[in-house]
Structure formats: C-alpha cells, structure tokens
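Okay, structure first, notes after.
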Amino acid sequence: MSWGAPDTEPTRLVLLRHGQTPLSVERRFAGRGDVPLTEEGHAQARASARRLAGWGIDAVVSSPLLRTRQTAGYTADLLGLTVEEDAGFVETDFGAWEGLTFAEARERDPEGIDRWLADPEAGPPGGESFAEVARRVGEATDALLERHRGRRVLVVSHVTPIKVTVQRALLAPIGALYRMHLDTACLTEVDCYADGPRVVRSLNDTAHLRGSAGPARDR
C-alpha cells in the first residue's frame, strides 16, 4: 500500500535480531517471556553496535522485551541515540508452548503443532498465529515509515517480525515465513520507497559475529 508521493531516497530499515538468550541456546520457543541476554548475547550485541557505527543510523526502535532492549542499548549508546520502544515489533505470543522445545511441544500437542506448521492462520493454544503477527507487524511498520520517512532506522526485534518484514517486501505468500532462517544478532536490510516498493538488500548477515562464538542457530 502506498504511504506517500514517489521518492528517490528510501527509508532504510536495518533489522537486528536480539542476541543470544538462555532459551535460544536450548532452542526453546521464546515469545513474550522476558528473558535476558546471555554473556555471549551481550558480546553479540556489542559486535552489532560496532558494525552499525558507520551505517548512518538515525533512529533506534526496539521491541519492549528485555532481550531486544538490551541489544538495542549498545548501538543507541554508541551513537548517542535514545531507544524508541514499539510493541508492534514484539515476538509472537507462543501461548502454551512458551519455553518448550519443538520436540516437547509436539509430544504434548501433536495435532496443534501439525496445524501450526500447515496453516499460518493457526496459532498455539492461547497464543498468536503467524497471520495475526503479520497484520500487527504490518501496521507497526507502516506507522514507523510515516514517523521516520527518509531516515535509516535500526529496528531491534525478533525472528517472526523480521521475517514478516522480508515477506512483505518480497510480496511473497505468508507461507514464506517457514522458509527463512535467522540467527541471533543477525542483520537484515529492507529499503522502503514512499510510493510502495520495498527492496530486500540483505538477509541474515552475521559477518560481525565472526570474532565471537558465532550465531546461535535457534528458532
């Protein structure tokens, strides 16, 4: 949907997934649980800030959860910016599956897991479907673009909101969310033009983590 007159300089969204957490190490569903970063997660966040120092970031936006706020704080402090919290970029509510591994969730609720994998409109018991998250993130993104038109905005968020932003840019079906992988503390860039088009410039960039223990491969 168009949100303004045509332009030549896009608003650039620099999407940073939060650093490693205890739940990501164990590959557990981590939605609204307010877990902190691990020591390695803090190292990843510092590495991200160093990488971003020369990227011309004008604003820092973060999900309100602790792991994203901690990650965002390193870049904001380095650049002398404040962190703008936006609940629209919070992670999926995984409901009854929060804190479980995929295997544990399947053992407890095999039919629910099968529905969730097959249908983006199906959510965990007491949680959100990916389709609901996509609508929420879409609204938050459109509002952010109105606020920060023509700027470079760092958005520190979570797996699903970042995937949704990429999926919308590519005009891909929502099922594309099941075909992407994002490491902890990875960077993804999307250029957004005021007359509608969006262009994915990079996805799951972890070059800044090569001096650490590396990205944690988790959901």
For this session: May I ask you to sort TRP116, TRP97 by Cβ crowding, counting other Cβ atoms within 10 Å and putting the fewest first?
Result: TRP116, TRP97
Seminar exercise, completed: Restricted to the chain, the DSSP antiparallel beta bridge percent, nearest 5, is 50
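For TYR74, TYR193, what's the fewest-to-most ordering of other Cβ within 10 Å of each Cβ?
Details: TYR74 21, TYR193 18.
Going from sparsest to densest Cβ surroundings: TYR193, TYR74.
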Exercise. Local charge sum around ALA172 (other residues, Cβ-Cβ under 13 Å, Lys/Arg +1, Asp/Glu -1)?
Worked result: +4
For this session: Show the residues, 5+ positions off or on another chain, whose built amide H is closer than 5 Å to the amide H of SER202.
Result: GLU189
Exercise. Add -39500 (n - 2.57) for each DSSP H run of 4 or more in the chain, then divide by its residues: what number comes out at 222 nm, to the nearest 500 deg cm²/dmol?
Worked result: -10500 deg cm²/dmol
Exercise. Of ALA45, ALA53, ALA72, which has the largest mean-square fluctuation in a 10 Å C-alpha GNM of the chain?
Worked result: ALA53
Seminar exercise, completed: Per residue, the convex hull enclosing the Cα atoms of the stretch 85-158 spans a volume in Å³ of 99
Exercise. Which cross-chain or sequence-distant (5 or more) residues have an amide H under 5 Å from the amide H of HIS158, H modelled 1.01 Å from N in plane?
Worked result: none
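How big is the dipole moment of the stretch 56-111 about its Cα centre under a simple scheme where the beta carbon of each Lys and Arg is +1, that of each Asp and Glu is -1, and everything else is neutral? Debye, nearest 20, please. Don't skip to the answer; put the middle values down first.
On the way: 4 positive and 12 negative charges, 40 e Å.
Taking the Cα centre of the stretch 56-111 as origin, the dipole is about 200 debye.
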Problem set entry | Computed Rg/Rh of the chain, alpha carbon atoms with Kirkwood Rh | 0.96
Exercise. Going highest first, how would you order 158-168, 98-108 by mean Cβ packing within 10 Å?
Worked result: 158-168, 98-108
Exercise. Can you list the HN-Hα couplings for the stretch 46-62, worked out from phi with the Karplus curve (6.51, -1.76, 1.60; θ = phi - 60°), rounded to whole Hz and with x for Gly and Pro?
Worked result: 5, 5, 4, 4, 4, 5, 7, 4, x, 8, x, 5, 9, 8, 10, 10, 9
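Taken together, the values in this text are just the output of simple stated rules run on the coordinates, not laboratory data. Please read these numbers as outputs of a predicted model, since none were measured by experiment. Cβ: placed from backbone, ideal geometry, glycine included. Neighbour counts: every protein chain shown.
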